[in-house]
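Please read the structure below before turning to the comments.
Bear in mind that the values in this text are calculations on the coordinates, not laboratory data. It should be emphasised that the depicted structure is a prediction, and the values quoted were computed from it without experimental measurement. Glycine also receives a Cβ, built like all others from the backbone with ideal geometry; neighbour counts cover every protein chain displayed.
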Amino acid sequence: MKLLLHACCADCALKFFEATKDEKLEITVFYYNPNIHPRAEYLTRLLTIRKVVGKEVKIIVPDYRPKDYFEEVGDNSEKPKRCVKCWNLRLERTARYAKEKDFDFFCSTLVTSEYQDQEMIEKIAESKAKKYGIKFWKTKNNCCDLKTKGFYKQFFCGCVYSLKERYEEKYKVK
Ligand code: SF4
């Protein structure tokens with residue numbers, strides 16, 4: 001069965017591969033993340049995913065267009081509003097691409113991250129599944145306790161707002 005997996009970082013991608021290793025899945029990674037800022041961070045995460053999933057896994061990399069993200073978020077730059085928009089954008093594109101290219105399922109590493117609202121993400125994903133007539137893959141073991149090291153791990157979620165928030169937290173800026 002062919003599955004299109006939206007992925008935005010190596011750690012969560014590895015967790016997903018681990019959680020589904022006994023399934024008969026042919027996984028293609030879809031690196032659609034216009035939210036990630038700056039470009040250097042975007043490229044570093046992409047190269048790290050490449051490193052951890054191995055050369056045999058195909059990675060689709062649509063054009064990097066931060067404009068997509070800012071248009072989607074608009075004036076909703078506060079959490080959790082901006083996150084809902086951000087998940088919506090990335091799941092929309094993933095489901096659409098999966099349907100266009102005849103995948104059997106789509107999914108996202110967002111569902112393996114304990115930092116994200118998994119219930120909301122699944123709700124959005126199910127609505128995209130319905131809209132495009134493609135199945136959303138629900139992992140049986142979403143978030144395994146995988147000890148990983150030896151590759152780049154980000155210290156912020158991805159967007160410019162989350163980067164700012166992390167620095168404010170770190171340096172106790174009000
Ligand atoms: S904090 Fe993360 S999920 Fe929320 S908008 Fe930023 S990148 Fe997207």
Task: Qualifying residues in segment 68-79 (those that are acidic (D, E) and surrounded by 14 or more Cβ atoms within 10 Å (Cβ to Cβ)) - the one farthest from the ligand (Cβ to nearest atom) - done: D68
Open item on the list: Just checking, does segment 37-47 include any residue being touching a helix residue (DSSP H, G or I) at 6+ places or on another chain (Cβ under 6 Å) and not β-branched (V, I, T)?
Closed with: yes
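State all residues of segment 112-131 that are more than 14 Å from L4 (Cα to Cα) and surrounded by 24 or more Cβ atoms within 10 Å (Cβ to Cβ); if no residue qualifies, say none.
So the first thing to find is which residues in segment 112-131 are more than 14 Å from L4 (Cα to Cα), and the list is 112-124, 126-127, 130-131.
Correct list: T112 only.
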Task: Boolean, C157 is hydrophobic (A, V, I, L, M, F, W, C) and more than 16 Å from the ligand (Cβ to nearest atom) - done: no
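Which is surrounded by fewer than 18 Cβ atoms within 10 Å (Cβ to Cβ) and within 13 Å of the ligand (Cβ to nearest atom), of R166, R96, R82, R90? Spell out the reasoning first.
On the way: R96 fails: within 13 Å of the ligand (Cβ to nearest atom); R82 fails: surrounded by fewer than 18 Cβ atoms within 10 Å (Cβ to Cβ); R90 fails: surrounded by fewer than 18 Cβ atoms within 10 Å (Cβ to Cβ).
R166 is the lone residue from the list that is surrounded by fewer than 18 Cβ atoms within 10 Å (Cβ to Cβ) and within 13 Å of the ligand (Cβ to nearest atom).
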Open item on the list: Residue pairs, Cβ under 7 Å, 6 or more apart or interchain, first in segment 70-97 and in contact (Cβ under 8 Å) with a residue 40 or more places away in the chain, second among the hydroxyl-bearing types (S, T, Y) and in a helix (DSSP H, G or I). List them.
Closed with: S77/Y161; R82/Y161; C86/Y69; L89/Y69; A95/Y132
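Starting from residues that are among the small types (G, A, S) and part of a helix (DSSP H, G or I), keep the ones in segment 5-28 and report whichever is surrounded by the most Cβ atoms within 10 Å (Cβ to Cβ).
So, considering only residues that are among the small types (G, A, S) and part of a helix (DSSP H, G or I), the one surrounded by the most Cβ atoms within 10 Å (Cβ to Cβ) is A13.
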Task: Selection from segment 29-51 of residues that are crowded, with 18+ Cβ neighbours inside 10 Å and either hydrophobic (A, V, I, L, M, F, W, C) or in contact with a Leu (Cβ under 6 Å, 6 or more places away or on another chain) (or both) - done: V29, F30, Y31, I36, L46, I49
Open item on the list: Of everything in segment 12-31, what is farther than 14 Å from K58 by Cα, in contact with a strand residue (DSSP E or B) (Cβ under 8 Å, 6 or more places away or on another chain) and of a type outside the set (S, T, N, Q)? Give them in sequence order.
Closed with: F16
Open item on the list: Just the residues that are within 26 Å of K138 (Cβ to Cβ) and among the β-branched types (V, I, T), please, taken from segment 49-75.
Closed with: I49, V52, V53, V57, I59, I60, V61
- [ ] Please work out if Y152 is touching a helix residue (DSSP H, G or I) at 6+ places or on another chain (Cβ under 6 Å) and either within 12 Å of the ligand (Cβ to nearest atom) or part of a loop (DSSP other than H, G, I, E, B) (or both).
- [x] yes
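Have a look at K55, K101 and point out the one that is charged (D, E, K, R), touching a Leu at 6+ places or on another chain (Cβ under 9 Å), away from the ligand (no atom under 16 Å from the Cβ) and over 18 Å from F155 (Cβ atoms).
Step by step, each of K55, K101 is checked, and only K101 is charged (D, E, K, R), touching a Leu at 6+ places or on another chain (Cβ under 9 Å), away from the ligand (no atom under 16 Å from the Cβ) and over 18 Å from F155 (Cβ atoms).
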